[in-house]
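Novice: Pasting in a structure now, in structure tokens, and then I'll have a few things to ask.
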Amino acid sequence: MRASRAASGAGVVGAAEPALAALVAVAVAVAVARVAGGAGSEAGGPCGGGVEVQLATTIHESPNSAASRIPESLTESPPQAYDGQRMETKKDDTPLLTFGYAAPEASEEAMRNMTELATLVSARANADIAVSALPSYERVTQRIHKGELDLAWVSPIPFIALWRSKSIVPLASPRRGGMGYHGAIVVAADSPITELSGLAGKRAAWVDRYSAAGFVVPRIELAKAGLDVKSAFSAQHFYGSHAAVVRAIADGRADFGATFVRLGANNAVVGGPWSHDPDLEKRLRIFAAFGEIPPDVIAARESLDVGVRNRVRDALLAVAREPRAKELLAAVFGAEAFAAPITSKYEALREAAAAAAEENLLDIEEELEPEIVFDPESVDKTQPLPAQKG
């Protein structure tokens, strides 16, 4: 379907201003540190005609973020097929690697698809990759930062924080053809809200502090439109995933929410958290979309053997040549292939996020897990991202 330009105060972020996208990431570096003191993905599929879109702005991020508070012992799955044991090598010297990703609400089918895709990558990389579904982006970020994961699927905000701390090395990013990944504001289909200013006094649904599309970028854009995001809303809550946000809106538990939308040619809607659920789609309306966000990243811990790292990278970049892998990439990542990440694309997001954090636009008093990821004072937020290696 087509997306029309909304008459809200939000400006459109184009190629000349990728800062919005970057903004999300640095805010994340700041948020990661702050949250610490205080990351899964929706596959893109065809979207029917039920969701109306009015485009107001442009930015970029990765699909699945989560801030689950469910006890780790109940929600965190051990690496499948390896009894939860993370090891460097087997007796035949084939490396055993643990791959972590955020999957707060992953179905059995989704987890099987991820495991099957990891098996195909393993065969090409001459390594055994065990898949571990974790309850939140925060948990994924913490674990790879500490070296407790070998590989991880991280969204732009945690990626920037981890890359700046030299905890990880980027290997690949999902390539989604002509589809752009955007932040969006969603309301119920019958909602009287038509302008961003109409969100004042309403109940807000966010994904989590690490989500560019589901929190950071929309907060920035709403502030630019004149809303005082620190006091404008009657209630604010982190729901943990994009799917949970849109369900909260459809069920009347929130008046509006921030999530992602994938737009194709001529701003046609080609995917969102409502994909594969026509009934849910009919109950929602998107009236603002915010710029294109840089893609999520498959990363390796920095201390992982360089040779192993390179083999995994090469396997990721080549795996789409296999027909079954191509199907799994579409189902798991909403992508057609993996491509080499371009870290310079995250710099604008870093700068924007840093500015937003400086203005306290990302502050919400909601209790999160107390475990510290980074010391807030340990990251120099004035410095650009490190140059990409090799």
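Novice: Using modelled amide H (1.01 Å from N, peptide plane; none on Pro or chain starts), what sits under 5 Å from the amide H of T98, excluding residues fewer than 5 places away?
Specialist: A130, D150, L151
Novice: What is the fewest-to-most order of H145, H182 by other Cβ atoms lying within 10 Å of their Cβ?
Specialist: H145, H182
Novice: A further question on this structure: If you plug each phi of the stretch 338-349 into the Karplus form 6.51 cos²θ - 1.76 cosθ + 1.60 with θ = phi - 60°, what whole-Hz ³J(HN,Hα) values come out, in order, with x for Gly and Pro?
Specialist: 9, 9, 5, x, 10, 5, 5, 5, 8, 5, 5, 5
Novice: Please list, in order along the stretch 298-314, the HN-Hα scalar couplings obtained from phi with the Karplus expression 6.51 cos²θ - 1.76 cosθ + 1.60 (θ = phi - 60°), rounded to whole Hz, x for Gly and Pro.
Specialist: Whole-Hz 3J(HN,Hα) from phi for the stretch 298-314: 8, 10, 10, 4, 4, 7, 5, 3, 4, x, 5, 4, 5, 5, 5, 4, 4.
Novice: For Q236, enumerate residues with amide H under 5 Å from its amide H, sequence gap 5+ or separate chain, H modeled in the peptide plane.
Specialist: Here A204 satisfy the definition.
Novice: Mind ordering 226-239, 116-129 by average Cβ neighbours within 10 Å, highest first?
Specialist: Working: 226-239: 16.9, 116-129: 20.1.
For the peptides 226-239, 116-129, the packing ranking is 116-129, 226-239.
Novice: Can I ask one more? Using Cβ counts within 10 Å as a stand-in for footprinting exposure, how do I185, I364, I298 rank, fewest first?
Specialist: I364, I298, I185
Novice: Mind ordering 340-346, 196-202, 210-216, 318-324 by average Cβ neighbours within 10 Å, highest first?
Specialist: 210-216, 340-346, 196-202, 318-324
Novice: May I pose another question? Could you tell me which of the pairs K146/K230; K224/K282; K146/K166; K230/K345; K202/K282 are separated by over 23 angstrom between their Cα atoms in the structure shown? If you can, show how the numbers build up before the last one.
Specialist: On the way: K146/K230 33 Å; K224/K282 30 Å; K146/K166 11 Å; K230/K345 29 Å; K202/K282 21 Å.
Going by Cα-Cα distance, K146/K230; K224/K282; K230/K345 fall outside the 23 Å limit.
Novice: Still on this structure, I have one more. Can you list residues from other chains, or at least 5 along the same chain, whose modelled amide H is less than 5 Å from the amide H of L171?
Specialist: Hits under the 5 Å cutoff: I298, A299, A300.
Novice: Dividing the convex hull volume of the alpha carbon atoms of the stretch 129-256 by its residue count, what do you get in Å³ per residue?
Specialist: 144 Å³
Bear in mind that the values in this text are calculations on the coordinates, not laboratory data. All figures in this text were calculated on a predicted structure; none of them were measured in a lab. Counting neighbours? That spans all protein chains shown, and the Cβs are built from the backbone with ideal geometry, glycine included.
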